[in-house]
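Contents: one structure, followed by commentary.
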Amino acid sequence: MSEFDTTRLDALARRLGLAPGQLALAAARLARERGAVEPRRRRDVLAEAARPSAAAEGAAALLRTPVASFALGDVDRALAAAWRAEG
Amino acid sequence: MRGTTLIVLAWNQWPLTRRCLDSLLASELDFAEVLVVDNGSEDETPDGLAAYAGRVRTLRLPRNLGFVRGMNAGLAAARADDDVVLLNNDLVFTQADWLGRLRDAAYADPATGIVGCRLLGPEAEGRVYHVGGYIEPDDLHGQQTESAHVEREVAQYPRRRRVQAIAFALAYLRRDALARIGGLDEAFHSYFEDTDCCLRAADLGIASVVAGAVTLRHDQHGSTQDDGGFRARLFADSRAAFAARWRERLCADYRGDVLWHGATRFPSGAAELARLFVRRLDVRGLRMGFAAATRECGDAQDGRLDLAARRRLPAVPAAALACGEEAFAQARGRWRVGLGFGDWESASPGAARAARSLDLLLVPDAFQREAFERAGVRTPIEVLPLGVDRDYCHPEVPAPRQPHGRFVFLALAEDLARDAPDLLVEAFRAAFRADQPVELLLQILPGRDALAIRAALAALPHAPDRGRVRLIDGWGFPWHQRAQLLAAADAYVGVRRGGGWDPRAAEALACGRILLATEFGSQAALAREHGLAVAAAPLDAGRGRRWAEPDRDSLVARLREAFERREVLLAAARAGADGFARDHDVESSADRLVEALARGGTLSPPRPAPPAHRPAHVARPASGQILVLGMHRSGTSSVAGLLARLGVYAGEAQDLLIGPDNPKGHYELARLHGACLRRLEAAGGDWKHPPAHAPGAAIDAFRRDVAEVLRTLEPRRPWLIKEPRLCLLARELLPLLTRPVFVHVVRDPHAVADSLAARNGVTRDHALALWRQYTQAAFEASRGWPRVLVDYAEVLAEPLALAQRLHEALSGFGVEGLHPPDAAELRAWIDPALAHASASPRLALDAQTQALWDAIRGGRILDEAAGAPPRRAATGG
């Protein structure tokens, strides 16, 4: 993400009354949805982001940590998973 | 005869010591003695050791003297002339031939004095805790891996390589090096004594290396595990002592500050370059700083890169290296170098503008150079091939293999437009049916395009009867595991629209995998010369950028070809892997990068290295062990007989070979001759076809065979052994020899070739090649040891003068028990009529052979092994 994007994200979060991390979570949730998002759905997701569940808060906390390596997996496990999915 | 004293230091924790001893005694301990230093144990250790009487020697100290003094007590009690190995009592000897392989590493170079090994931790899945380490003067935390991380075992660092320091959990110390270093410095109670020892050794020109062929298990701090605060205090005190001695000196070793502007996350190519090179530049004396060119959530995965990111550098450091076009304009240094690469035939206007601010632009290949030139960049541009990290990328990287034995193509997709994964999947399905034993493994790399790639693949027509495609999606891996995916596959497919640098392409070749790549861009040459090239047509990517569309039919054909010819192609890839990696070594790239950064004149010259250590420098007399080395048909028998007439013992007459071409005897012990024959045969060769490599078991068996011979000679020093095959094998005997002297017998290569042609039917070219190989190997084996050069012409022309010279030289080295030559005896021995064949008309020698012969005739050969390739300090193997 460029510095320009982080500035925009921060400004938008402030307008919506959210922390940037909460907004990023909401955006990730909405990005998974197919097609255009209806305004009501968008409001619901943003409202949920303002009152995150423990899991969502945990996910947001991960975004704020400087160390990304903990999220890295293992080649052996990935290959085992890929080759287990026979079909 | 030299042996090895294995010193195990123990303090309480008897179960650990017992486990260590049991595994140690079960391993191969030829010519070794186990000495346990009981550092004042108060548990059942003394009673436990009593049960091992007869198998280990015990030195009981009255109280715990600490690690350093305890080990020094062991060193003092070791057998004189032995090499020593310092061992922690929480080691487990999981590799039977560990000692033999350590010996190989210790004697591979005369400058080597300290040898460590790879150490895994206690985890079942194998985690690497030590591969040789370093210490930075900034924070003075010694690291035991290059990355400063504990990595999963992926067979990293499999070669012998020089390091700044090793951990003394296991340390092989050569006797001649120990004589110069002295013991461990007792200014350190525990901790830091190993790094201090290695740094002191380096100041004496003694190298510390890690034997990549040895891997053992170490449980870490076994003896002090229960002592919590005590250990912390020891550490702090030792650290302070180390800082007082070394901090300023380590800082002064730097040539200047260099700031690397780049990335640790995206773009991924720039991030990889930072991980590859920042640490290598630091090792080469550049004090590295790191600044991200764009705001990022840093993910260095490397301790030196982390440190570089935290370092404070001057506002304008001596030099800057900007990696990637986004970093060019930010390059902040008195000499500004850029490292650039892009995906298009012409660099973007932004990149071109930014490049103008640089003093020098480095690019990985000709394609990238042309791209910047087309964009009008006038900054000097040079090609710097980026190389392959041989420590992580090689054919022995372990990885799970396809469980049903299918042939696996691997591809990675990070950018949808650039990497064209949808095109590849479509072509793969066109090429293969589902019932064929082949599949495509496609990893969608985490990043901003992952969703788009997923969507594009999902949009492809469903084709259940066509080639099987598996996705690895939602996974990211530590960088140190990058070669494992390649190792799990048979072929790497780097077929893309973009022409940018793809590090996986060269890595696939280094791992012995088949490469398919587009005949466009940075990988084009690799594809043409080492892999299967896929045709491509120019493609306008918009905004004036051109790249290339892979030809679908060509891709289908190459996929099929790789599969149908898989056995031949895989065999060729495996056979070519080591050579490719050697020719594309990232260490060479790092050397050149340093040169480029130094070209601006803003860095200080490197601190002169001390003269390399040589065993001959140790002021102790030679022991009376003499090796006569010389190619077949070079007069070694004559010289051996001449030495015998000076009082050197060559063995009992009935034990010596006599042949029709040497009725007076070869002075070759039959048992030694047999040992040499078996050794060469065990490695798949013979004297006319010397094998390039030998399995460890063959070397160990050879040493055992020769040790039996040496034991019969030892009571009769001075003694000699002589066998032309020893030219090739002498180095392997060095661990058994105590301050030997080498007598090299050389003869005009033309005369040797004539003689071999006449006696053995060897062609002249083959004979000359053998002469060069034997002669180079012989002088390389004796490099650094006391040695004498004898020309066969001298043997015939002036035997008495030669004998007097040899007597003087050997006596000068300290060999005792010689007597001056007797002229009559010599006349009876040396008969000029025994000269083997006369030289035919001279054919020109090739350049290498001529250079070697010139160095011998000029006497320069004794300075260094002439004709041998120059040795780089940073790597071995």
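The values are calculated or read from the model by the stated rules, or taken from the named source; none is laboratory data. Remember, it's a predicted structure, so these values are computed and weren't measured experimentally. FYI the Cβ positions are ideal-geometry reconstructions off the backbone, even for glycines, and counts take in every protein chain you see. Note: accessible area is taken over every heavy atom of the protein model, side chains too, but ligands, DNA and RNA are not part of it. Shrake-Rupley method; radii C 1.70, N 1.55, O 1.52, S 1.80 Å.
Given the conditions (1) within 27 Å of A:G73 (Cα to Cα); (2) touching a residue at least 24 places away in the same chain (Cβ under 8 Å); (3) open to solvent by 50 Å² or more (accessible area, probe 1.4 Å), and given that B:R162 satisfies all but one, which numbered condition is not satisfied? For B:R162, the exception is condition (1).
Do the conditions hold for B:R255, that is, is it at pLDDT 95 or above and either touching a Leu at 6+ places or on another chain (Cβ under 8 Å) or open to solvent by less than 40 Å² (accessible area, probe 1.4 Å) (or both)? Here the answer is yes, as B:R255 does meet what is asked. Candidates in region B:148-159 are the residues that are at pLDDT below 95 and assigned to a loop (DSSP other than H, G, I, E, B); of these, the one that is least open to solvent (accessible area, probe 1.4 Å) is B:A148.
Does B:R334 satisfy being of a type outside the set (S, T, N, Q) and within 21 Å of B:A488 (Cα to Cα)? So B:R334 fails the test.
Considering A:A59, A:A50, the condition of being more than 10 Å from every other protein chain (Cβ to nearest Cβ) and either in contact with a strand residue (DSSP E or B) (Cβ under 9 Å, 6 or more places away or on another chain) or modelled with pLDDT of 75 or more (or both) is satisfied by A:A50 alone. Of all residues in region B:421-449, those satisfying the criterion of being modelled with pLDDT of 95 or more, assigned to a loop (DSSP other than H, G, I, E, B) and surrounded by fewer than 18 Cβ atoms within 10 Å (Cβ to Cβ) are B:A434, B:D435, B:Q436, B:P437.
Could you check region B:346-369 and list, in sequence order, the residues that are open to solvent by 50 Å² or more (accessible area, probe 1.4 Å) and closer than 19 Å to B:G269 by Cβ? Within region B:346-369, B:R369 is the sole residue that qualifies. When A:R8, A:R43, A:R64, A:R32 are checked against the criterion of being at pLDDT 80 or above, surrounded by fewer than 15 Cβ atoms within 10 Å (Cβ to Cβ) and more than 8 Å from chain B (Cβ to nearest Cβ), A:R43 stands alone in meeting it. So for region B:560-568 (the condition being more than 14 Å from chain A (Cβ to nearest Cβ), more than 28 Å from B:A351 (Cβ to Cβ), within 27 Å of the chain's Cα centre (by Cα) and open to solvent by less than 20 Å² (accessible area, probe 1.4 Å)), does at least one residue qualify? Looking through region B:560-568, none of the residues is more than 14 Å from chain A (Cβ to nearest Cβ), more than 28 Å from B:A351 (Cβ to Cβ), within 27 Å of the chain's Cα centre (by Cα) and open to solvent by less than 20 Å² (accessible area, probe 1.4 Å).
Could you look through region B:1-22, keep only residues that are of a type outside the set (D, E) and out of contact with any strand residue (DSSP E or B) (no Cβ under 7 Å at 6 or more places or on another chain), and pick out the one that is surrounded by the fewest Cβ atoms within 10 Å (Cβ to Cβ)? First the steps, then the outcome.
First, pick out the residues of region B:1-22 that are of a type outside the set (D, E): B:1-21.
In the following step, the residues that additionally are out of contact with any strand residue (DSSP E or B) (no Cβ under 7 Å at 6 or more places or on another chain) were identified as B:1, B:11-16, B:18.
Working: B:M1: 16, B:W11: 24, B:N12: 23, B:Q13: 21, B:W14: 18, B:P15: 13, B:L16: 20, B:R18: 18.
Filtering first and then ranking leaves B:P15.
For B:F277, the test of being buried (at least 22 other Cβ atoms within 10 Å of the Cβ) and without any contact (Cβ under 8 Å) to a residue 60 or more places away in the chain is failed. Within the option set B:A483, B:A456, being in a helix (DSSP H, G or I) and either of a type in the set (S, T, N, Q) or surrounded by 24 or more Cβ atoms within 10 Å (Cβ to Cβ) (or both) holds for one residue only, B:A483. Residue count for region B:258-277 satisfying the condition of being at pLDDT 95 or above and out of contact with any helix residue (DSSP H, G or I) (no Cβ under 7 Å at 6 or more places or on another chain): 2.
Return the residues of region B:459-469 that are within 17 Å of B:V408 (Cβ to Cβ) and either at the interface with chain A (Cβ under 10 Å from one of its Cβ atoms) or in a helix (DSSP H, G or I) (or both); say none if nothing qualifies.
Of everything in region B:459-469, just one residue is within 17 Å of B:V408 (Cβ to Cβ) and either at the interface with chain A (Cβ under 10 Å from one of its Cβ atoms) or in a helix (DSSP H, G or I) (or both), namely B:R468.
For region B:129-138, the count of residues that are among the small types (G, A, S), in contact with a strand residue (DSSP E or B) (Cβ under 8 Å, 6 or more places away or on another chain) and surrounded by 19 or more Cβ atoms within 10 Å (Cβ to Cβ) is nonzero.
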